[in-house]
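What follows is a single structure, written as C-alpha coordinates, with notes after it.
The values are calculated or read from the model by the stated rules, or taken from the named source; none is laboratory data. No experiment lies behind these values; they were computed from the predicted model shown. In this analysis, Cβ positions are derived from the backbone assuming ideal geometry, glycine residues included, and neighbour counts consider all displayed protein chains.
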(Lines give C-alpha, C1' and ligand atoms only; values in the text may rest on other atoms or scores of the structure.)
Protein backbone atom coordinates (compact mmCIF):
# COMPACT_ATOMS: atom_id res chain seq x y z
CA UNK A 1 0.00 0.00 0.00
CA UNK A 2 1.03 3.58 -0.64
CA UNK A 3 1.33 4.82 2.96
CA UNK A 4 1.78 8.59 3.39
CA UNK A 5 3.61 9.16 6.65
CA UNK A 6 3.84 12.94 7.00
CA UNK A 7 0.95 14.62 8.91
CA UNK A 8 1.11 17.48 6.37
CA UNK A 9 0.56 15.07 3.48
CA UNK A 10 -2.82 15.22 1.73
CA UNK A 11 -3.39 11.48 2.23
CA UNK A 12 -1.96 11.06 5.72
CA UNK A 13 -3.85 8.52 7.85
CA UNK A 14 -2.85 7.98 11.47
CA UNK A 15 -3.97 4.33 11.37
CA UNK A 16 -1.73 3.69 8.37
CA UNK A 17 1.19 5.40 10.13
CA UNK A 18 0.69 3.17 13.17
CA UNK A 19 0.32 0.10 11.00
CA UNK A 20 3.59 0.88 9.20
CA UNK A 21 5.35 0.90 12.57
CA UNK A 22 4.03 -2.60 13.23
CA UNK A 23 7.20 -3.68 11.39
CA UNK A 24 10.83 -2.99 12.34
CA UNK A 25 12.34 -0.03 10.44
CA UNK A 26 14.14 -1.26 7.30
CA UNK A 27 16.51 1.53 6.29
CA UNK A 28 19.21 2.26 8.89
CA UNK A 29 16.54 2.40 11.57
CA UNK A 30 14.29 4.80 9.63
CA UNK A 31 11.08 4.53 7.64
CA UNK A 32 11.96 6.08 4.31
CA UNK A 33 9.53 5.96 1.37
CA UNK A 34 9.28 4.51 -1.12
CA UNK A 35 9.93 1.08 0.38
CA UNK A 36 8.39 -2.32 -0.28
CA UNK A 37 7.39 -4.64 2.54
CA UNK A 38 6.31 -8.09 1.48
CA UNK A 39 5.17 -10.43 4.25
CA UNK A 40 6.52 -7.85 6.64
CA UNK A 41 9.98 -8.27 5.11
CA UNK A 42 12.11 -5.36 6.29
CA UNK A 43 14.68 -6.23 3.60
CA UNK A 44 12.48 -5.19 0.68
CA UNK A 45 13.99 -2.77 -1.76
CA UNK A 46 14.14 0.88 -2.62
CA UNK A 47 14.41 -0.09 -6.29
CA UNK A 48 10.98 -0.06 -8.01
CA UNK A 49 12.28 -2.35 -10.77
CA UNK A 50 12.71 -5.22 -8.31
CA UNK A 51 9.30 -4.99 -6.68
CA UNK A 52 7.38 -7.02 -9.26
CA UNK A 53 9.85 -9.91 -9.10
CA UNK A 54 9.63 -10.08 -5.30
CA UNK A 55 5.83 -10.14 -5.37
CA UNK A 56 5.60 -12.63 -8.25
CA UNK A 57 7.90 -15.12 -6.52
CA UNK A 58 5.99 -14.84 -3.26
CA UNK A 59 2.60 -15.31 -4.91
CA UNK A 60 3.73 -18.59 -6.47
CA UNK A 61 4.33 -20.17 -3.05
CA UNK A 62 1.52 -22.37 -1.61
CA UNK A 63 -0.57 -20.85 1.19
CA UNK A 64 -2.06 -22.65 4.23
CA UNK A 65 -5.17 -20.40 4.17
CA UNK A 66 -7.91 -19.76 1.60
CA UNK A 67 -9.65 -16.37 1.70
CA UNK A 68 -13.17 -15.83 0.36
CA UNK A 69 -14.67 -12.33 0.36
CA UNK A 70 -18.17 -11.03 -0.31
CA UNK A 71 -20.41 -8.19 0.80
CA UNK A 72 -22.87 -5.52 -0.23
CA UNK A 73 -22.72 -1.79 -0.84
CA UNK A 74 -25.37 0.94 -1.02
CA UNK A 75 -23.98 3.76 -3.21
CA UNK A 76 -26.78 6.14 -2.22
CA UNK A 77 -25.77 6.07 1.43
CA UNK A 78 -22.11 5.18 0.93
CA UNK A 79 -22.39 2.29 3.41
CA UNK A 80 -22.03 -1.46 3.26
CA UNK A 81 -20.64 -4.59 4.87
CA UNK A 82 -17.86 -6.96 3.92
CA UNK A 83 -17.48 -10.63 4.88
CA UNK A 84 -14.02 -12.19 4.86
CA UNK A 85 -13.83 -15.94 5.38
CA UNK A 86 -10.48 -17.52 6.29
CA UNK A 87 -10.25 -21.32 5.91
CA UNK A 88 -7.34 -23.22 7.42
CA UNK A 89 -6.21 -25.74 4.80
CA UNK A 90 -3.24 -26.96 6.84
CA UNK A 91 -2.99 -29.86 9.30
CA UNK A 92 -2.22 -27.65 12.30
CA UNK A 93 -4.18 -24.99 14.15
CA UNK A 94 -3.16 -21.41 13.37
CA UNK A 95 -3.47 -18.15 15.27
CA UNK A 96 -3.21 -15.01 13.19
CA UNK A 97 -4.09 -11.34 13.00
CA UNK A 98 -6.78 -10.37 10.48
CA UNK A 99 -6.47 -6.88 8.98
CA UNK A 100 -9.15 -5.28 6.77
CA UNK A 101 -8.61 -1.90 5.11
CA UNK A 102 -10.24 0.31 2.47
CA UNK A 103 -7.84 1.76 -0.11
CA UNK A 104 -8.27 4.21 -2.98
CA UNK A 105 -6.47 4.38 -6.34
CA UNK A 106 -5.70 7.11 -8.89
CA UNK A 107 -5.08 9.93 -6.41
CA UNK A 108 -3.15 12.93 -7.68
CA UNK A 109 -0.72 14.64 -5.31
CA UNK A 110 2.78 16.03 -6.02
CA UNK A 111 4.61 14.27 -3.19
CA UNK A 112 8.01 15.41 -1.91
CA UNK A 113 9.62 12.34 -3.51
CA UNK A 114 8.36 13.41 -6.95
CA UNK A 115 5.51 10.89 -7.25
CA UNK A 116 2.35 12.43 -8.74
CA UNK A 117 -0.14 9.55 -8.83
CA UNK A 118 -0.80 7.28 -5.86
CA UNK A 119 -2.54 3.91 -5.73
CA UNK A 120 -3.65 1.62 -2.89
CA UNK A 121 -3.66 4.58 -0.51
CA UNK A 122 -5.18 3.41 2.81
CA UNK A 123 -8.34 5.33 3.65
CA UNK A 124 -9.79 3.46 6.63
CA UNK A 125 -8.93 0.37 8.69
CA UNK A 126 -11.90 -1.73 9.80
CA UNK A 127 -12.33 -1.25 12.70
CA UNK A 128 -8.74 -0.01 13.23
CA UNK A 129 -5.12 -0.81 12.41
CA UNK A 130 -4.91 -3.45 15.18
CA UNK A 131 -7.32 -5.79 13.42
CA UNK A 132 -8.45 -8.96 15.17
CA UNK A 133 -6.71 -12.09 16.45
CA UNK A 134 -8.41 -15.30 15.27
CA UNK A 135 -7.81 -18.98 16.02
CA UNK A 136 -8.61 -21.52 13.29
CA UNK A 137 -8.50 -25.30 13.75
CA UNK A 138 -7.35 -27.53 10.85
CA UNK A 139 -10.03 -27.72 8.17
CA UNK A 140 -12.17 -25.11 9.93
CA UNK A 141 -12.83 -21.48 9.04
CA UNK A 142 -13.79 -18.16 10.60
CA UNK A 143 -15.68 -15.26 9.04
CA UNK A 144 -14.89 -11.69 10.00
CA UNK A 145 -17.69 -9.20 9.32
CA UNK A 146 -17.07 -5.46 9.07
CA UNK A 147 -19.36 -2.52 8.29
CA UNK A 148 -17.82 0.32 6.31
CA UNK A 149 -18.55 3.83 5.02
CA UNK A 150 -17.25 5.58 1.92
CA UNK A 151 -16.65 9.28 2.52
CA UNK A 152 -18.22 11.71 0.01
CA UNK A 153 -14.80 12.94 -1.15
CA UNK A 154 -13.64 9.41 -2.03
CA UNK A 155 -14.30 7.98 -5.48
CA UNK A 156 -16.03 4.66 -4.76
CA UNK A 157 -15.20 3.41 -8.27
CA UNK A 158 -11.52 3.53 -7.25
CA UNK A 159 -11.97 2.07 -3.76
CA UNK A 160 -11.05 -1.48 -2.80
CA UNK A 161 -11.31 -3.56 0.35
CA UNK A 162 -8.26 -5.63 1.27
CA UNK A 163 -8.25 -8.39 3.88
CA UNK A 164 -5.38 -10.58 4.99
CA UNK A 165 -4.35 -12.89 7.82
CA UNK A 166 -0.85 -12.61 9.20
CA UNK A 167 1.40 -14.51 11.57
CA UNK A 168 1.76 -12.18 14.54
CA UNK A 169 5.00 -13.78 15.74
CA UNK A 170 8.30 -12.26 14.60
CA UNK A 171 10.38 -14.80 12.67
CA UNK A 172 14.20 -15.18 12.93
CA UNK A 173 14.64 -13.19 9.70
CA UNK A 174 12.61 -10.30 11.19
CA UNK A 175 9.50 -11.03 9.12
CA UNK A 176 5.84 -11.46 10.04
CA UNK A 177 4.49 -13.71 7.32
CA UNK A 178 1.18 -12.99 5.61
CA UNK A 179 -0.44 -16.37 4.99
CA UNK A 180 -3.05 -15.18 2.51
CA UNK A 181 -5.04 -12.13 1.43
CA UNK A 182 -7.97 -11.11 -0.73
CA UNK A 183 -9.33 -7.98 -2.42
CA UNK A 184 -12.73 -6.69 -3.56
CA UNK A 185 -13.71 -3.61 -5.53
CA UNK A 186 -16.34 -1.65 -3.60
CA UNK A 187 -18.50 -0.77 -6.61
CA UNK A 188 -18.57 -4.45 -7.63
CA UNK A 189 -20.30 -5.55 -4.42
CA UNK A 190 -23.89 -6.81 -4.43
CA UNK A 191 -25.81 -3.56 -4.72
CA UNK A 192 -28.91 -5.19 -6.22
CA UNK A 193 -29.05 -7.88 -3.59
CA UNK A 194 -28.89 -5.27 -0.83
CA UNK A 195 -31.90 -3.51 -2.40
CA UNK A 196 -33.88 -6.75 -2.44
CA UNK A 197 -33.07 -7.42 1.21
CA UNK A 198 -34.17 -3.93 2.20
CA UNK A 199 -37.43 -4.12 0.28
CA UNK A 200 -38.35 -7.49 1.76
CA UNK A 201 -37.25 -6.74 5.32
CA UNK A 202 -40.78 -5.83 6.48
CA UNK A 203 -42.11 -9.21 5.29
CA UNK A 204 -39.19 -11.49 6.13
CA UNK A 205 -36.65 -11.34 8.94
CA UNK A 206 -33.69 -13.66 9.56
CA UNK A 207 -32.36 -13.48 13.13
CA UNK A 208 -29.84 -13.63 14.63
CA UNK A 209 -27.49 -12.75 11.80
CA UNK A 210 -24.59 -13.49 12.29
CA UNK A 211 -25.63 -16.71 14.04
CA UNK A 212 -23.76 -19.34 16.02
CA UNK A 213 -26.13 -22.26 16.65
CA UNK A 214 -29.25 -21.48 14.62
CA UNK A 215 -30.98 -18.83 12.50
CA UNK A 216 -34.73 -18.18 12.62
CA UNK A 217 -36.82 -16.95 9.70
CA UNK A 218 -39.90 -14.92 10.63
CA UNK A 219 -42.66 -14.25 8.09
CA UNK A 220 -46.42 -14.34 7.59
CA UNK A 221 -48.24 -15.98 4.66
CA UNK A 222 -51.91 -16.62 3.94
CA UNK A 223 -53.13 -20.06 4.91
CA UNK A 224 -52.24 -22.71 2.37
CA UNK A 225 -49.65 -20.65 0.46
CA UNK A 226 -46.56 -22.79 -0.14
CA UNK A 227 -43.05 -21.48 0.46
CA UNK A 228 -39.47 -22.68 0.01
CA UNK A 229 -36.30 -21.53 1.76
CA UNK A 230 -33.21 -22.58 -0.21
CA UNK A 231 -29.79 -22.22 1.41
CA UNK A 232 -26.56 -22.07 -0.62
CA UNK A 233 -22.87 -21.95 0.28
CA UNK A 234 -20.41 -19.38 -1.11
CA UNK A 235 -19.81 -21.51 -4.23
CA UNK A 236 -23.53 -21.59 -5.08
CA UNK A 237 -24.02 -25.23 -4.01
CA UNK A 238 -27.45 -26.00 -2.52
CA UNK A 239 -26.93 -26.85 1.15
CA UNK A 240 -30.46 -27.23 2.47
CA UNK A 241 -34.04 -26.72 1.28
CA UNK A 242 -36.92 -26.13 3.70
CA UNK A 243 -40.51 -26.32 2.43
CA UNK A 244 -43.84 -25.57 4.06
CA UNK A 245 -47.22 -23.86 3.85
CA UNK A 246 -48.50 -20.69 5.47
CA UNK A 247 -51.01 -20.76 8.33
CA UNK A 248 -52.19 -17.17 8.21
CA UNK A 249 -50.16 -16.42 11.36
CA UNK A 250 -46.53 -15.49 11.89
CA UNK A 251 -44.28 -18.41 11.00
CA UNK A 252 -40.94 -19.25 12.63
CA UNK A 253 -38.70 -21.56 10.62
CA UNK A 254 -35.46 -22.61 12.30
CA UNK A 255 -32.27 -23.47 10.40
CA UNK A 256 -29.91 -25.29 12.76
CA UNK A 257 -26.88 -24.50 10.55
CA UNK A 258 -27.00 -28.02 9.08
CA UNK A 259 -27.10 -29.44 5.56
CA UNK A 260 -29.63 -31.83 4.01
CA UNK A 261 -27.93 -34.75 5.77
CA UNK A 262 -28.24 -32.96 9.16
CA UNK A 263 -24.46 -32.44 9.25
CA UNK A 264 -23.39 -29.07 10.76
CA UNK A 265 -22.02 -26.67 8.17
CA UNK A 266 -18.75 -24.80 8.59
CA UNK A 267 -18.70 -21.19 9.63
CA UNK A 268 -18.81 -18.77 6.71
CA UNK A 269 -21.21 -16.81 4.51
CA UNK A 270 -24.34 -18.57 3.22
CA UNK A 271 -27.09 -17.29 0.95
CA UNK A 272 -30.82 -17.81 1.31
CA UNK A 273 -33.60 -17.53 -1.28
CA UNK A 274 -37.19 -17.33 -0.05
CA UNK A 275 -39.86 -18.00 -2.68
CA UNK A 276 -43.66 -17.97 -2.44
CA UNK A 277 -46.60 -16.34 -4.21
CA UNK A 278 -46.48 -13.41 -1.76
CA UNK A 279 -42.84 -12.99 -0.81
CA UNK A 280 -39.71 -13.17 -2.97
CA UNK A 281 -36.52 -12.38 -1.05
CA UNK A 282 -32.84 -13.26 -0.87
CA UNK A 283 -29.89 -12.38 1.31
CA UNK A 284 -26.96 -13.59 3.37
CA UNK A 285 -26.61 -15.49 6.63
CA UNK A 286 -23.23 -15.30 8.36
CA UNK A 287 -22.48 -18.45 10.38
CA UNK A 288 -19.85 -17.97 13.08
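When you scan the stretch 49-62, do you find a residue that is in contact with a strand residue (DSSP E or B) (Cβ under 9 Å, 6 or more places away or on another chain) and assigned to a loop (DSSP other than H, G, I, E, B), even just one?
no
Residue 253 versus (1) loosely packed, with under 14 Cβ neighbours inside 10 Å; (2) touching a strand residue (DSSP E or B) at 6+ places or on another chain (Cβ under 8 Å); (3) more than 27 Å from residue 69 (Cβ to Cβ): which is the lone unmet condition?
(1)
Given the criteria in contact (Cβ under 8 Å) with a residue 24 or more places away in the chain, assigned by TED's automatic domain parsing to the domain that holds residue 207, surrounded by 15 or more Cβ atoms within 10 Å (Cβ to Cβ) and out of contact with any strand residue (DSSP E or B) (no Cβ under 6 Å at 6 or more places or on another chain), does residue 246 qualify?
yes
Only residues that are touching a residue at least 60 places away in the same chain (Cβ under 8 Å) and either farther than 12 Å from residue 99 by Cα or not assigned by TED's automatic domain parsing to the domain that holds residue 78 (or both): list them for the stretch 140-155, please.
Hits for the stretch 140-155 are 140, 141, 142, 143, 147, 148, 149, 150, 151, 152.
Go through the stretch 256-282 residue by residue and tally those that are on the phi > 0 side of the Ramachandran plot and surrounded by 20 or more Cβ atoms within 10 Å (Cβ to Cβ).
Matching residues across the stretch 256-282 total 2.
Out of 114, 71, report the one residue that is at positive phi, touching a strand residue (DSSP E or B) at 6+ places or on another chain (Cβ under 7 Å) and either surrounded by 15 or more Cβ atoms within 10 Å (Cβ to Cβ) or modelled with pLDDT under 90 (or both).
71
Please specify each residue of the stretch 74-93 satisfying the condition of being farther than 20 Å from residue 124 by Cβ and crowded, with 19+ Cβ neighbours inside 10 Å.
Selection gives 85, 86, 87, 88.
Which strands (runs of 3 or more DSSP E) does the stretch 225-288 wholly contain that include 1 or more residues that are touching a helix residue (DSSP H, G or I) at 6+ places or on another chain (Cβ under 9 Å)?
Correct list: 268-276, 280-287.
Out of curiosity, is residue 126 at negative phi, surrounded by 12 or more Cβ atoms within 10 Å (Cβ to Cβ) and free of Cβ contacts under 8 Å to residues at least 60 places away in the same chain?
yes
Give me the pairs, please: first residue somewhere in the stretch 263-284 and modelled with pLDDT under 80, second residue anywhere and crowded, with 18+ Cβ neighbours inside 10 Å, beta-carbon distance under 6 Å, and either six or more positions apart or on two chains.
278/221
If I go through the stretch 207-224 residue by residue, how many of them are assigned to a strand (DSSP E or B) and closer than 22 Å to residue 141 by Cα?
3
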